[in-house]
1. I need the full set of residues from the range 344-359 which are surrounded by 22 or more Cβ atoms within 10 Å (Cβ to Cβ) and within 17 Å of K407 (Cα to Cα), in order please.
2. For the range 61-74, what are the residues that are in contact with a helix residue (DSSP H, G or I) (Cβ under 6 Å, 6 or more places away or on another chain) and either modelled with pLDDT under 95 or aliphatic (A, V, I, L, M) (or both)?
3. Take the residues of the range 85-144 that are crowded, with 21+ Cβ neighbours inside 10 Å and in contact with a Gly (Cβ under 6 Å, 6 or more places away or on another chain): which is farthest from T170 (Cα to Cα)?
4. Quick one: how many residues across the range 247-285 are touching a Pro at 6+ places or on another chain (Cβ under 7 Å), among the aliphatic types (A, V, I, L, M) and over 20 Å from L296 (Cβ atoms)?
5. Every residue in the range 151-195 that is closer than 23 Å to G303 by Cα and aliphatic (A, V, I, L, M), please.
6. What about A335, is it over 15 Å from D113 (Cβ atoms) and either part of a strand (DSSP E or B) or not assigned by TED's automatic domain parsing to the domain that holds M126 (or both)?
7. Taking the residues in the range 398-419 that are under 12 Å from I387 (Cα atoms) and without any contact (Cβ under 8 Å) to a residue 40 or more places away in the chain as candidates, determine which candidate is nearest to the chain's Cα centre (by Cα).
8. Considering only residues that are among the hydroxyl-bearing types (S, T, Y), touching a helix residue (DSSP H, G or I) at 6+ places or on another chain (Cβ under 8 Å) and either surrounded by fewer than 22 Cβ atoms within 10 Å (Cβ to Cβ) or modelled with pLDDT under 95 (or both), which ones fall in the range 266-322?
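The values are calculated or read from the model by the stated rules, or taken from the named source; none is laboratory data. Only a predicted model underlies this, so the values are computations on that prediction, with no experimental measurement involved. Virtual Cβ from ideal backbone geometry, glycine too; neighbours counted across all protein chains shown.
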Amino acid sequence: MVRLIEITRPAQGVGQFFVCESVSMQTQDYIALEDLYGAHNYHPLDVVLARGEGVWVYDVEGKRYLDCLSAYSAVNQGHVHPKILEAMLQQASRLTLASRAFRNDQLPLLNKDLFEKTGYGMSLLMNSGAEAVETAIKIARKWAYTVKKIPRYQAEILTAAGNFHGRTVTTVSFSTVPHYRADFGPFTPGFVSVPFGDADAFENALNPNTAAFLVEPIQGEGGVIIPPEGYLTRIREICDRHNLLLLADEIQTGLGRTGKMFASQHEGVRPDVLIVGKALSGGFYPISAVLADECLLGLFTPGEHGSTFGGNPLAAAVARAALNVLVDEGMIENAQVMGDYFMEHLMEISSPHIKEVRGKGLLIGVELHPQAGGALRFCEALQREGILVKETRQHIIRFAPPLVIDKETIDWAIPKIRSILQMA
């Protein structure tokens, strides 16, 4: 390892110039290197992480932080869970990729595990959450034309305002956030936006070409927005009455995050299509899945959809282990208990900056008043105190630690959070 003393880019953008010493690189060296050679499509906090264990992560200088983001809920099981790590290492030494041109011995076992743990008859494995959303859209459209008999290419899918379903061209096409859409058109047609949490507005927007409703049970990236009690139940009833598919994006809310396996279960609702990702691998490997019954996923025929890496044996083995520890180690139940405990203490904080504390399980949002000066400065101050969070939608701090967090750790964090939220 060397420490970069000077980093500059030549006029032609080729090559590099730096002076080096025989000392370890420090935080600012890594930041300078990333800023020089990496695309600036994120605005991260200036902490450079080197390792993690459970709810804790450590930067390159060795400072410890409580991770209250969990990689946007991809690390529900905690960092570097030993059982998931063991499964990954064992499978990596055997077979990592065969492509779907051939069968492998791990994918069928994952398909079976998903059925046993979710109740959906079929699963289709992809790599990223956005890919899984695109997959769900494709199956909804095929169902619209082959089963519901909507005129070809006239099907519409309703989406909720304030949504976040990814950053592909199609998923930003039905985003209502201008920053996600600007300069990326022309956009994919076939989507109609309705207010989130308003079942009457949803029903009033229906027409004969409506095929499905794509919705997050709780809008995580949107600011931990929780719809009114009974909203999903009414949506399910309206979809049944009008012969529509309910597509639930549980990429962030699923797999224990809200204190249930899926957030839709809080109202006893079973979506027709359920989309999962992130924590499906416990943060070890990109994998996502679309879950549905055979009447839907059975509509796909060979060659209509796929992915070189989708359903690869390494991802499948990791996902099986990630699912098992989530259930076997009681992480879902812990998310409910610790979420209630964490939110109770957050709600007790007296601060003129706090507008509202809301959440379900260990998905908690602290919304600040606009005059607080934005959530970013509070996130930066919490970083200095050893707690990592990230703002969303400018005025909201999201707290979503790994589901293995305990009371002792929350008790350690609350005084620090209180102090920061009470600062001028």
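1. L346
2. L66, A74 - these are the residues of the range 61-74 that are in contact with a helix residue (DSSP H, G or I) (Cβ under 6 Å, 6 or more places away or on another chain) and either modelled with pLDDT under 95 or aliphatic (A, V, I, L, M) (or both).
3. Selected residue: L107.
4. Adding up the residues that qualify gives 1.
5. A155, V169
6. yes
7. Within the range 398-419, the match that is nearest to the chain's Cα centre (by Cα) is K416.
8. Result: S307, single match.
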